[in-house]
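*Asks:* My structure is below; once you've seen it, I'll send some questions.
The values are calculated or read from the model by the stated rules, or taken from the named source; none is laboratory data. Note that the structure is predicted; figures quoted are calculated from it, not measured. All Cβ positions, even for glycine, are placed from backbone atoms using ideal geometry, and neighbour counts span all protein chains on display. Each accessible area value is taken on the protein alone, full model and side chains, heavy atoms only, with ligands, DNA and RNA left out. Shrake-Rupley method; radii C 1.70, N 1.55, O 1.52, S 1.80 Å.
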Amino acid sequence: MNVFEHTVSYRTLPNWVGFGKQETAVNVATNSQPYGQKPHFDPLHPLKQWLDNTAIKSQKLARLLCKFIPSQCPFEREVKIGDRTLLSIPPLCKLNPLYEQVVGLRFRALCYLADECGEDVTPYC
């Protein structure tokens, strides 16, 4: 008799539902759902995985990504009149749910151009 088969209920969750930390066989066997944490719904999870797993294999694609993904947040502004700052708008890029994946994609494109192609990437920085 296999005790593991009788103590752990096998539930299939959609790909976009998670519990906040990576599930392993040990975590599932000891604690199927962490106390105090409810499953969160993330409909962008498949898109995030796709962006994280995208490999850069073309020099043309890498240049295009480096050109169109900005190195700094373009929305950060300071509204000034003369030498006085009236309003400071914080960087709003952090509110984008795909920000980390897009920045990672740009970084992989820069690394591909620098390491694989031997190209100078200073114009993209």
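*Asks:* Report, by chain and number, residues whose modeled amide H sits under 5 Å from the one on Arg77, excluding near sequence neighbours (fewer than 5 apart, same chain).
*Replies:* Sorted by chain and number, the residues that satisfy this are Ile89.
*Asks:* Under a 1.4 angstrom probe, counting protein chains only, how are Asp42, Asp83 ranked by accessible area, largest first? Display every interim value, and only then the final one.
*Replies:* On the way: Asp42 30, Asp83 140 Å².
Ranking Asp42, Asp83 by accessible area, largest first, yields Asp83, Asp42.
*Asks:* Arrange the residues Leu92, Leu98 by how much accessible surface each exposes, largest first, with a 1.4 angstrom probe.
*Replies:* Working: Leu92 80, Leu98 30 Å².
Result of the area sort, largest leading: Leu92, Leu98.
*Asks:* On a straight-distance basis, which aspartates and glutamates could pair with Lys94 in a cross-link, Cα separation under 18 angstrom, same-chain partners fewer than 8 positions away excluded?
*Replies:* Asp42, Asp52, Glu76, Glu78
*Asks:* Mark the label point 7 Å from the Cα of Lys80 along Cα→Cβ and return the residues of the range 90-125 whose backbone N is within less than 17 Å of it.
*Replies:* 90
*Asks:* Solvent-accessible area per residue for the range 38-91 at a 1.4 Å probe radius, Å²?
*Replies:* 84 Å²
*Asks:* Please list Arg77, Arg108, Arg63, Arg84 from largest to smallest accessible area, probe radius 1.4 Å, with all protein chains kept in place.
*Replies:* Arg84, Arg77, Arg63, Arg108
*Asks:* A follow-up question, please. Testing the spin-label approximation: label points 7 Å from Cα along Cα→Cβ at Asp115 and Lys48. State their distance in nm.
*Replies:* 2.4 nm
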